[in-house]
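Notes for the one structure printed next.
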Amino acid sequence: MTIRWTSVRVAALFAALFSVSCGNSNMSSESPCEGAAPLPGCGQNCIAGAAATCPSGFYCSPDQTCRADCSFSQGYFCGEGFECTDNGRCIGGDGDCPELRLVGERKAPDVWLIIDRSASMSLPVVSDGQTPASPSNPSRWSVLRDVLVGPDGLVTNLQDIVRFGLHIYTDGVPQNINGQILQSCLLTGSTMPNLGNLGLATSVLPQNLCTAPNCTELNWAGATPTGLAVDALFQATDPNRREYWILLTDGEPTVSTDPGTGSCRQDFQRSLSQTTDALRRVAQNPNKNITIVGFGRGPLLSATTPGTINGRPTAPPVPGISTFEQILERLYYASIGLPDGTTAPEGPQYRTATSKAQLEAELRTIVRGPSCDVQLQGGAIVDKEKACATGSVQLNGRALRCNENRDDGEWQVVDNTRIRLLGSACDELLNQPSYDLNADFDCRAAELL
């Protein structure tokens, strides 16, 4: 059975103000997309503002079709005093380019907290250097709950600026039916992303977990069907909505489904494979961003021998994997779409925490970034490097520095329709009830939608 609470989505309102846009006048008498033999790519459907939806040498016009006003390589030139850009536009050859001004507002991000509610979450936190954990340490679940919905919790403090959603998972409560133990593969409790979501978030996070008989669906802590939980959320959410997913887990995936019968298995190897497959499916959607956070446990995995748990067949661990970090590494590779065993690119990878302070710091860092994203309405960035080099972003009349090749940068390009404020500029954006934010780009860097 699935426990689900649903709240209403709230649409954000934005405004856009434009000055002169890049025109297509003053070019040669016939463009590559006119005449009896237009170039291949002309008229192709596209999504204005999205990356790489038109072939090289074309731009996405306001009518959602690919167009080129010039093509140097094909002999279509601009008029005197104008030059052809890489995306097929004619601009002033003296370097002066008409300016596009975008006015945007911060958009509250959708952040899903995907939380492992397995039995091991009731165990003490393994602090740095402790193996095994001291019995006097608080449970992983109590620390996690306090970090999220406690008096100074993440959801408590940020619920007015972040649309938090929670997706709690474990396997089903065991049921004794005529002497046979029956149990579903997946049990979830979810609340949809929304502002002011502290009450609903608290309702799906019980004070204490139950691992003994007579547990209820509200507090049962069983096995770890991570792949099934990720798949279930992916199927339930809007693929066209931009969301940030944070997967919080303290252990290896343990429950999988048999591909032939659909029955549940306590099979580490198959469960890990199903989990990484599920994460790769999510990674293929550019609107979903996943961060992996490992919390509260020591480095070594417990050995599993073939047998049964609650009547389910078990299998030994994956050969070559003996540490929690190796599990997190596999999950991280999958979350960015890479196959197992590949070398990940440089930059932030999975995150770990073994204390309340570390977990608080990691989660606030993860959520802070998208909280300072600004949506640019009515226009799109077509060249990120030129946008940083020639663009001007002003917050409350103060010019901000782009972070290109500098440590004190205050804004960066996220994608074609979003910029992100950094450092003190992010603080200013979040802490002031009202603000003015303008972004000016020349037509080498941006275009009207």
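Let me check I've understood the local charge: for residue 362, count other residues with C-beta under 13 angstrom from its C-beta, Lys and Arg +1, Asp and Glu -1. What total comes out? Charge balance in the 13 Å sphere: +3. Cβ crowding within 10 Å, taken as a proxy for footprinting-reagent exposure, orders 410, 329, 80 from fewest neighbours to most as 80, 329, 410.
If each residue's Cβ is checked for other Cβ atoms within 10 Å, how do 58, 72 rank with the fewest at the top?
Working: 58 26, 72 14.
Lowest count first: 72, 58.
Placing +1 on the Cβ of every Lys and Arg and -1 on the Cβ of every Asp and Glu, with no other charges, gives the range 335-443 a dipole of roughly 240 debye about its Cα centre. Applying the Karplus relation 6.51 cos²θ - 1.76 cosθ + 1.60 with θ = phi - 60° to the range 378-390 yields 3J(HN,Hα) values of x, x, 9, 7, 10, 9, 5, 5, 5, 4, 6, 6, 10 Hz, where x marks Gly and Pro. Footprinting exposure proxy ranking of 261, 390, fewest other C-beta atoms within 10 angstrom first, gives 261, 390.
Counting Lys +1, Arg +1, Asp -1, Glu -1, what net charge surrounds residue 220 among other residues with beta carbon under 10 Å of its beta carbon? Show your work: numbers first, answer last.
Details: positive: 117; negative: 171, 217.
Neighbour charge sum, excluding residue 220 itself: -1.
Quick one: net charge of residue 278's neighbours, Cβ under 13 Å, K/R +1, D/E -1?
+3
Close amide H contacts of residue 446 (hydrogens built in the peptide plane, cut-off under 5 Å, sequence separation of 5 or more or a different chain): 382.
Couplings 3J(HN,Hα) for the range 151-166, derived from phi with the Karplus relation 6.51 cos²θ - 1.76 cosθ + 1.60 (θ = phi - 60°), are x, 10, x, 4, 5, 4, 7, 10, 5, 8, 10, 10, 8, 7, x, 10 Hz, where x marks Gly and Pro.
About the Cα centre, and with charges only on the beta carbon of Lys, Arg (+1) and Asp, Glu (-1), how big is the dipole of the range 107-370? Nearest 20 debye, please. Can you show the working numbers first?
Values: 19 positive and 22 negative charges, 50 e Å.
The dipole of the range 107-370 has a size of about 240 debye.
Please state, as a whole number in µm²/s, the translational diffusion coefficient that the Stokes-Einstein equation yields for the range 107-370 at 10 °C and 1.306 mPa s, with Rh defined as the Kirkwood radius across alpha carbon pairs. Can you show the working numbers first?
On the way: Rh = 18.7 Å.
So the translational diffusion coefficient is about 85 µm²/s.
Listed by chain and number, the lysines whose alpha-carbon sits under 27 Å from that of residue 107, ignoring those within fewer than 8 places in the same chain, are 288, 384, 386.
Highest mean packing comes first when the peptides 422-432, 361-371 are listed by Cβ atoms within 10 Å, giving 361-371, 422-432.
All of the numbers you see were taken from the coordinates with simple rules; none came from a lab. Given the structure is predicted, the values throughout are model-derived calculations rather than measurements. Positions of Cβ are backbone-derived with ideal geometry, glycine not excepted, and every protein chain shown enters the neighbour counts.
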